[in-house]
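What follows is a short report on a single structure.
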Amino acid sequence: MDLGIRGRTALVTGASAGIGEAIALKLAAEGVRLAVAARRADRLDAVVGEAKRAGATDAAAFALDLSDRDSIAPALERLAREFGEPEIVVLNGGGPKPGRFTEMSRDDWDAAYQLLLRGQVEILDSVVPAMRARKWGRIVALTSSSVKQPIDTLVLSNAFRTALVSALRTLAVEVAADGVTVNCIATGRVETARLRSLYGDDEQRLREAAREIPAGRIATPDEFAPTAVFLCSEPARYVTGQTISVDGGLVRGLFG
């Protein structure tokens, strides 16, 4: 299938590793002009090289830290100046501090708000006007299964990822007539550094976590890329306002 995005300019945040890197490289294979952003600027240079080898029309790295309010605007200004306004944006980032409601401080809530909601809204504030003006745009946000089935020990993720989904569902309605689609992916358990940070080196807990998934295993980052890239495509122009689970059947609701 021709996804119709060759030559489009795409921005992927959190692209230095894991799911973000996998999506960035799959977009590169579709021939986009790829901007990759993350805190780990050293790792981004390697991703840029891989993206060019995969087929990106062009690729460049931009240091951007969603948890640092002062880093976002300069990175976006440089992106627009040196690479152009992105037509495709994949929002991805790290996870907040784990824990229960009663274990969180006000500082923990503030940090999670910046990482999971405010920082991503700032990116959208910057890119959406140009998308609407050109009558074409794709926004895909990677969230978590916690937006459909809250996780007991991830209260900050439950709260702010759900808020982001609600905000993006509202945005989807506002921009649909302008040819801009807005969708979310609710990710399940993925073999990433984030998962390891939650489970540590406890292989028994990881095996138990895998057994809870109907598919019987934890996913690899590459298994998320095709869904994300399709949502960025021209054929997906009638798909908007959705939160699609990619979780091996983990969420058990009728509309999981």
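Below is a table of values for the structure above.
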item: Förster-model FRET efficiency, 25 Å R0, Lys52 and Glu174, C-beta, rounded to 0.05; result: 0.10
item: Computed lengthening from Arg134 to Arg237, 0.36 nm per intervening residue step minus Cα-Cα distance; result: 35.6 nm
item: Likely footprinting exposure, Lys135, Lys26, Lys148, Lys52, fewest C-beta neighbours within 10 Å first; result: Lys135, Lys52, Lys148, Lys26
item: In the range 81-129, the trypsin sites (Lys or Arg not before Pro) that fall in loop regions by DSSP, at most 13 other Cβ within 10 Å; result: Arg100
item: Gaussian network model of the chain, springs between alpha carbon atoms under 10 Å - residue of Thr13, Thr181, Thr162 with greatest fluctuation; result: Thr162
item: Pairwise centroid distance, computed over Cα atoms, of the range 201-227 with the range 3-68, Å; result: 25 Å
item: Estimated FRET transfer efficiency when R0 is 41 angstrom, pair Arg217-Glu77 (beta carbons, to 0.05); result: 0.45
item: Cβ-based exposure ranking for Glu50, Glu21, in which fewest neighbours within 10 Å come first; result: Glu50, Glu21
item: Taking Leu34, Leu115, Leu25 and counting other C-beta atoms within 10 Å, the order from fewest to most; result: Leu115, Leu25, Leu34
item: Dipole moment magnitude, nearest 20 debye, the range 9-246 about Cα centre, only Lys, Arg, Asp, Glu C-beta charged; result: 420 debye
item: Principal-axis tilt of helix 69-82 within the chain, Cα atoms, nearest 10 degrees; result: 30 degrees
item: Kirkwood Rh in Å, taken over all unlike Cα pairs in the range 35-172; result: 16.2 Å
item: Neighbour count of at most 14 Cβ within 10 Å plus DSSP loop: longest chymotrypsin sites (Phe, Trp or Tyr not before Pro)-free window in the chain; result: 1-237
item: Difference of contour (0.36 nm per residue) and Cα-Cα distance, Ala210 to Ala163; result: 14.2 nm
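Rule-based calculations on the coordinates, nothing more; no lab input. Owing to the predicted nature of the structure, the values given are computational and were not obtained by experimental measurement. So basically every Cβ, Gly included, is an ideal-geometry build from the backbone, and we count neighbours across all protein chains shown.
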